[in-house]
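Chemist: What follows is a structure written as structure tokens; I'll ask about it next.
FYI, it's all coordinate maths here, none of it is from the lab. These numbers were taken from a predicted model, which means no experiment stands behind them. Glycine gets a Cβ as well: all are built from the backbone with ideal geometry, and neighbour counts include every protein chain shown.
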Amino acid sequence: IARIDRERIADLYYNEGYVDILVSDPRLSLTPNRKHLLITYDIEEGQQYSTGSIGVEGDLIDTRETLVGLVKLKEGDVFSRKKLRESVLAINDFYADRGHAYVNVVPRTPTDKKERRIDLQLRIEKGELVHFDRIQIRGNTKTRDKVIRREMKVNEGDLYTTTGLKESQRLIKNLGFFEEVSVATSKADEPTRTNVDVDIKERPTGTLSAGVGYSSVDNFVFQGSASQDNFLGLGLRGQVGASLG
């Protein structure tokens, strides 16, 4: 726990430009009444750094201006390791949405201690184009495959797209028929193809209600109804009710 706390403290400073931050091991001591334990960290924050020049190199599938525009840091901003991670993910997603499932983005951050500036150079290795192979649906004990497939935003043979996978998972979950939905990829027979694995866990989608009442006109009245949000596993809503007096 102490190591994790140190990392959390340091990460807070990294995201405010203090990349030379030093956080000591915790010191433990008792309060004067000896009822509580004090945990003390010594912090040397160092100097704050700003963002310098920003560039991209390697396998560029669009203009430098477009790719640099995906970077969450701008020249002159306070340097942030969190924004650097977000920038790498944004470029990863940009390439992955264009079929490059195995893109590798490596950031280099040369530091100018005199100017208190960190330049940012992102080297991109795009990898080969990848297509979707088989779409495999598992766990649907009731719901038919076609109900799930019609919510998919990717098809077998399409170029790989991260956004398509995320949107497919969101739409399937929004059907309301499942407790859990996972849309992930797995290796196919060829390195330039990948399977799509849709794993779901069904949830109860039917309701049954019954009641009894009494009136001076009808005497005892019995009522009942049943509804099913996923009728016959077709994604249809069915409802039936009856009243007997």
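Chemist: What are the ³J(HN,Hα) couplings of segment 180-188, residue after residue, when phi is run through the Karplus curve with 6.51, -1.76, 1.60 and θ = phi - 60°? Round to Hz, x for glycine and proline.
Modeler: Here the 3J(HN,Hα) series is 9, 9, 9, 10, 9, 10, 8, 5, 9 Hz.
Chemist: State which entries of 153/201; 146/166; 72/153; 142/173; 74/153; 126/166 exceed 24 angstrom in Cα-Cα distance in the structure shown.
Modeler: 72/153; 74/153, as the Cα separations exceed 24 Å there.
Chemist: Along Cα→Cβ, 7 Å out, is where each label goes; now give me the distance between the ones at residue 150 and residue 86 in nm to one decimal.
Modeler: Result: 3.9 nm between the two label points.
Chemist: Are there any trypsin sites (Lys or Arg not before Pro) in segment 27-75 that are in a DSSP loop and have at most 10 other Cβ atoms within 10 Å? List them by number. Could the numbers behind the result be given before it?
Modeler: Working: sites: 27, 34, 35, 64, 72, 74; in loops: 34, 35, 72, 74.
When the trypsin sites (Lys or Arg not before Pro) of segment 27-75 are filtered for loop state and at most 10 Cβ neighbours within 10 Å, 34, 35 remain.
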